[in-house]
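Working notes for the structure below.
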Amino acid sequence: MDDIYDIPTEEKRLQETRSFDKTGDSFKKIIIIERNIKPRRDGKGYLTIGLRQFLLDPNSPDL
């Protein structure tokens, strides 16, 4: 699996969320990764979800 579609380290997570931190808006922030995972929200409310579930579950943005 290519790490470009995953978030294996805290450094990568910070890289992926840095732009979210700068927006200052109330839109949902969703990080989509290649592997299947249990969807989870971090302390800032950012949703991390697997690509397959994001595409196939019509309710995925509301998790």
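The values are calculated or read from the model by the stated rules, or taken from the named source; none is laboratory data. A quick note: this is a predicted structure, and the numbers were derived from the prediction, not measured. Cβ: placed from backbone, ideal geometry, glycine included. Neighbour counts: every protein chain shown.
Numbers below:
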| read-out | value |
| --- | --- |
| Subset of region 48-63 that is of a type in the set (A, V, I, L, M, F, W, C) and part of a helix (DSSP H, G or I) - its residue that is surrounded by the fewest Cβ atoms within 10 Å (Cβ to Cβ) | Leu56 |
| Every residue from region 1-47 that is assigned to a loop (DSSP other than H, G, I, E, B), surrounded by 10 or more Cβ atoms within 10 Å (Cβ to Cβ) and modelled with pLDDT under 85 | Asp6, Ile7, Pro8 |
| Lone qualifier among Asp6, Asp62 - being without any contact (Cβ under 8 Å) to a residue 12 or more places away in the chain and in contact with a Lys or Arg (Cβ under 9 Å, 6 or more places away or on another chain) | Asp62 |
